[in-house]
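Enquirer: Structure provided below as structure tokens; questions to follow.
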Amino acid sequence: MSAPAVVAESVTRRFADVVALDDVSFDVRAGELFGFVGPDGGGKTTLFRILVTLLLADSGRASVLGLDVARDLWAIRRKVGYMPGRFSLYPDLSVEENLQFFASVFGTTVEAGMPTIAPIYDQLAPFATRRAGALSGGMKQKLALSCALVHHPEILFLDEPTTGVDAVSRREFWDLLADLRGRGLTIVVSTPYMDEAGRCDRVALIQRGRLLGVDEPAAVARSFSGAVLEVRSRERYRALLALRAFEHTDTVHLFGEWLHYTDRRAGNGIAADVVAHLRTNGIVADVTPIAPTIEDTFIQRMGAPEAA
Amino acid sequence: MTGVAIVAKGLTRRFGGFTAVDAVTFDVRAGEVFGFLGANGAGKTTAIRILTGLLAPSSGAASVAGFDVYREREAIKRSIGYMSQRFSLYNDLTVRENIRLYGTIYGLSASVIRARTDNLLERLRLGESGSKRVGTLPLGWKQKLAFSVALLHQPRIVFLDEPTGGVDPVTRRQFWELIYGAAGQGTTVFVTTHYMDEAEYCDRLGIMVAGRLDALGTPHELKERFGAGSMDEVFLRLARSGAPAGAAA
């Protein structure tokens, strides 16, 4: 097995009295599509900025492609592609001018980068002369990805590339990432959307500067401790309130069409007991055990939301 | 409040040769949680700007809270609340100052503002944080506060434009419970989201594709109609069927 593409050891970073990253350690394997999943303010952007040498950690060490992020910054910058979370292209330049600009900054040309970016750029080509600022959200993301790839990097850092992007464009964007990964590129990506975690080889759950776990998506979901019951009722909100008032309820959450419920007790017969409790409240429901999702695990591990 | 909160009939808006909203017809019932979905550039924002009195339509008819979108736009603005992820509150003002500012803008008296402020802070369990600058609050709290402030003048309809983007999964759910609470009191909620699990939380959904409203119904109905297991799938099929690439509305 080749050397890891990224190694982070106890990386910590504070901003005044806020601990943005708290003793974060992980590694990314070469060729892996590795995802950081968590809400805004979790530390994802700070971590990415440290890894692409735009920010120094207060303590701990990190390396990218075997190069130290604090000492070897110029060597790293030539080898990484970075797509920041905020739209960072020039809105007044056209699609092709943006690409030319980023290519020239890295001392290369759009033509030389074309083999790498062609699968993405082909979708943008009809709009080559359009101002970048006048593109739709999904197309902006594809242009930003093209600009991050034009110098043929060995590793790609994408900070929330799909935030604010509609569900269809998000899916297409992940299809592009899967294709790039298939061509051997190492990709580190962050997202606030739990449903995107499944598209990664491995995911790190991140919240308030701490890693809540790093594993393959299926293993993260399986690591949920206890059993999740799905409560199916046409009166979802009333059922939620009734279960909040149930003495055996551990947690109950809205989950898409239905509710996810965990009980303080262990053992058989719990589902029937929940059905009976709801019935005494005049609510008809089906209650069945289901396999937990990554979002269930995240909620379980994140603890109480931050106080105001 | 009973009856219909929003009616749109053949609502159309053109920008030059581009039809951003194309003969859209739907209604939203009073007290309903209505989800308004669509790909980026499908015309959602233009439609919302018309329904909130910020933009006149090119043709067609619509009324919001009983007021006409051509002639009674100021009355519409007084009857609705609005929040988005981008524009919500002033970071450099405290929680109480933000509430007072919005209350004053909506013409509430000082005593009403004071009473509703105390009530709002207590309901959100923000009592200790009234004198904190909003910029120092976690995102989820800002969004919960912004929602409550949008309801301060007790509007009949509240428009929420991607209210939960980037918020953690527990706070996101707490936000939806605030929405249900408001709907339970009779407030009509018109909400956009990119989270497909949140589409399931709505009573009914309208889905925009390339300027047209291509689907309208409860999440359950839409899934049955499209033979789909999830709203994600419904959305994918619809949007793939008609979305033009590239252009923004």
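The values are calculated or read from the model by the stated rules, or taken from the named source; none is laboratory data. None of the values given here were measured: they were computed from a predicted structure. Heads up, the Cβs are rebuilt from the backbone with ideal geometry, glycines too, and the neighbour counts pull from every protein chain shown. These accessible areas exclude ligands, DNA and RNA; they are computed on the full protein's heavy atoms, side chains included. Shrake-Rupley method; radii C 1.70, N 1.55, O 1.52, S 1.80 Å.
Enquirer: Considering amide H positions built from the backbone, and no H for Pro or chain starts, which residues 5 or more places from A:A30, or on another chain, come under 5 Å of its amide H?
Expert: Residues meeting the amide H criterion: A:A5.
Enquirer: Next up: Using DSSP to define loop residues, name the trypsin sites (Lys or Arg not before Pro) in segment A:115-220 whose beta-carbon has at most 13 other beta-carbon atoms within 10 Å.
Expert: Within segment A:115-220, the qualifying trypsin sites (Lys or Arg not before Pro) (loop, at most 13 other Cβ atoms within 10 Å) are A:R183.
Enquirer: R0 = 22 Å: FRET efficiency of A:D215 with A:R86, Cβ-based, nearest 0.05?
Expert: Values: r = 30 Å, r/R0 = 1.35.
Efficiency, from the Cβ-Cβ distance: 0.15.
Enquirer: How big is the charge dipole of segment B:18-154 about its Cα centre, in debye rounded to the nearest 20, if each Lys and Arg gets +1 on its Cβ and each Asp and Glu gets -1 on its Cβ? Intermediate results must be reported in sequence, preceding the final value.
Expert: On the way: 18 positive and 11 negative charges, 82 e Å.
Dipole magnitude for segment B:18-154 comes out near 400 debye.
Enquirer: Helix A:270-280 sits at what angle to the longest principal axis of chain A, using alpha carbons and giving 0 to 90 degrees rounded to 10?
Expert: Taking Cα atoms only, the helix is inclined about 70 degrees.
Enquirer: Of the options B:A199, B:I157, B:A30, report the single residue whose Cα projects farthest towards the positive end of the charge dipole of chain B (beta-carbon charges: Lys, Arg +1; Asp, Glu -1).
Expert: Value computed over the given set: B:I157.
Enquirer: Another question about this same structure. Compute, for segment A:159-308, the length of the dipole vector about the Cα centre, with Cβ point charges of +1 (Lys, Arg) and -1 (Asp, Glu) only. Units Debye, rounded to 20.
Expert: Numbers: 18 positive and 22 negative charges, 66 e Å.
For this selection, approximately 320 debye.
Enquirer: Follow-up question, since we're still on this one. Rounded to the nearest 20 Debye, what is the dipole magnitude of segment B:4-242 about its Cα centre when Lys and Arg each give +1 and Asp and Glu each give -1 at the C-beta? Show your work: numbers first, answer last.
Expert: Numbers: 30 positive and 24 negative charges, 128 e Å.
Charge dipole of segment B:4-242: 620 debye, to the nearest 20.
Enquirer: Along the positive direction of the dipole of the protein assembly as shown (beta-carbon charges: Lys, Arg +1; Asp, Glu -1; about the Cα centre), which of B:F226, B:L216, B:G53 reaches farthest?
Expert: So the residue furthest toward the plus end is B:G53.
Enquirer: For segment B:52-126 and segment A:276-300, write down the distance between their C-alpha centroids in whole Å.
Expert: 36 Å
Enquirer: Also, quick follow-up: Give the cross-link partners of A:K44 among the lysines, using a straight C-alpha distance below 24 Å as the criterion and excluding same-chain residues fewer than 8 apart.
Expert: A:K79, A:K140, A:K142, B:K142, B:K144
Enquirer: Let me ask something else about it. How far is helix B:139-150 tilted off the main Cα axis of chain B, in degrees rounded to 10, range 0 to 90?
Expert: In chain B, helix B:139-150 runs at an angle near 90 degrees to the longest axis.
Enquirer: Follow-up. Relative to the first principal axis of the alpha-carbon coordinates of chain A, what is the inclination of helix A:167-182, with its axis defined by its Cα atoms, in degrees from 0 to 90 and to the nearest 10?
Expert: Helix A:167-182 sits at roughly 60 degrees to that axis.
Enquirer: Tell me, what % of the accessible area of chain A is carbon and sulfur with a 1.4 angstrom probe?
Expert: Roughly 51 percent of what the probe reaches on chain A is carbon or sulfur.
Enquirer: Also, quick follow-up: Express in nm, to one decimal, how much length is gained between A:R61 and A:D286 on full extension, taking 0.36 nm for each residue of separation and deducting their alpha carbon distance.
Expert: 75.9 nm
Enquirer: May I ask you to give the solvent-accessible area per residue for segment B:119-249, in square angstrom, as obtained with a 1.4 angstrom probe? Please list the in-between numbers first.
Expert: Details: 4520 Å² over 131 residues.
It amounts to 35 Å² per residue over segment B:119-249.
Enquirer: Then there's this: When only Cα pairs under 8 Å and 6 or more residues apart are kept, what is the percent relative contact order across chain B? If you can, show how the numbers build up before the last one.
Expert: Values: 456 pairs, mean separation 66.0, N = 249.
It comes to 27 percent, rounded to a whole number.
Enquirer: How many nm separate the modelled label positions at B:R114 and A:E235, each set 7 Å beyond the Cα in the direction of the Cβ?
Expert: So the two model labels end up 4.2 nm from each other.
Enquirer: Over segment B:30-140, with every protein chain in place, what whole percent of the accessible area is carbon and sulfur at 1.4 Å, could you tell me? Show your work: numbers first, answer last.
Expert: Numbers: 2610 of 5340 Å².
About 49 percent, which is the carbon plus sulfur part of the accessible surface.
Enquirer: Please list, in order, the residues from segment B:121-145 whose amide nitrogen is less than 20 Å from a point placed 7 Å along the Cα→Cβ vector of B:T104.
Expert: Within reach of a label on B:T104, which here means backbone N under 20 Å from a point 7 Å along Cα→Cβ, segment B:121-145 contributes B:121, B:130-135.
Enquirer: On average, how much accessible surface per residue is there in chain A, in Å², for a 1.4 Å probe, leaving out ligands, DNA and RNA?
Expert: Values: 13370 Å² over 308 residues.
That works out to 43 Å² per residue.
Enquirer: Another question, if that's okay. Note down the nm distance, to one decimal, between modelled labels 7 Å out along Cα→Cβ at A:V19 and at B:D92.
Expert: 3.2 nm
Enquirer: Here's a follow-up. For B:A215, enumerate residues with amide H under 5 Å from its amide H, sequence gap 5+ or separate chain, H modeled in the peptide plane.
Expert: B:I207
Enquirer: Continuing with this model, one more query. Could you tell me the distance between the Cα centroids of segment B:137-206 and segment A:158-173, to the nearest Å?
Expert: 22 Å
Enquirer: Still on this structure, I have one more. Suppose the chain between A:T109 and A:L73 were pulled fully straight at 0.36 nm per residue; how much longer would it get relative to their current alpha carbon spacing? Present the calculation step by step, with values, prior to reporting the outcome.
Expert: On the way: separation 36, 0.36 × 36 = 12.96 nm, distance 2.27 nm.
The span from A:T109 to A:L73 would gain 10.7 nm if fully extended.
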